[in-house]
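Worksheet: the structure to be examined is printed underneath.
The values are calculated or read from the model by the stated rules, or taken from the named source; none is laboratory data. Predicted model only: the values in this text are computed from it and were never measured. Cβ: placed from backbone, ideal geometry, glycine included. Neighbour counts: every protein chain shown.
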Amino acid sequence: MPKWKLHTEFKFDAAHFIEGYDGKCGRMHGHSYKVHVEALSDTLHASKYLDSDDMVCDFRELKWAGKGAEKGGLDHTVLNEELTVNPTAERIAEFIYKQTKQRIPDDVDLKITVWETESCWVEYTEDDV
């Protein structure tokens, strides 16, 4: 059976603090986050920008979080105001995953990787990607 695996990356800058953290991460600070999105499917789909079944999903829908807050993204936001949980790297990856899943076809498997620094990153998926 054929499979297609899309990859895309983007960056965004945001501030956050980890409430209740005993250390410097408990104070407001910022990061330049890097995000890698992997989307896997054995079916091609249409999108709101293309009527024919020729895409796993639209790259535009995978990169939403890299946009500014005025366009619904996370760039230059305070993540504590965007997420309903403590904005750790783990929770940021989970948030991007869940929001992205709402924008793409149901049968597309998704994996989100978020780098908080060059040497610290987390992967999040709910599928066997």
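Report whether or not Glu90 is outside any helix (DSSP H, G or I), closer than 21 Å to Phe10 by Cα and touching a strand residue (DSSP E or B) at 6+ places or on another chain (Cβ under 7 Å). So Glu90 fails the test.
Residue count for the stretch 53-75, restricted to those that are in contact with a strand residue (DSSP E or B) (Cβ under 6 Å, 6 or more places away or on another chain) and not basic (Lys, Arg): 12. Cβ-Cβ below 8 Å, separation at least six or inter-chain, first residue in the stretch 118-129 and over 17 Å from Lys34 (Cβ atoms) and in a loop (DSSP other than H, G, I, E, B), second among the small types (Gly, Ala, Ser) and modelled with pLDDT under 95: which pairs? As it stands, the answer is none, since no pair meets every condition given.
Scanning the stretch 93-109 for residues that are of a type in the set (Val, Ile, Thr) and in a loop (DSSP other than H, G, I, E, B), we see that the one that is nearest to Asp13 (Cα to Cα) is Ile104. Looking across the stretch 52-83, the residues that are farther than 15 Å from Leu6 by Cα, loosely packed, with under 15 Cβ neighbours inside 10 Å, at pLDDT 95 or above and among the acidic types (Asp, Glu) come down to Asp53, Glu81. Would you check which residues across the stretch 84-104 are surrounded by fewer than 17 Cβ atoms within 10 Å (Cβ to Cβ) and farther than 17 Å from His36 by Cα and list them? Hits for the stretch 84-104 are Thr84, Val85, Asn86, Gln102.
Can you tell which of Glu70, Glu61 is over 12 Å from the mean Cα position of the chain (by Cα) and part of a helix (DSSP H, G or I)? Talk me through it step by step, then tell me what you get.
On the way: Glu61 fails: over 12 Å from the mean Cα position of the chain (by Cα).
Of Glu70, Glu61, the one residue that is over 12 Å from the mean Cα position of the chain (by Cα) and part of a helix (DSSP H, G or I) is Glu70.
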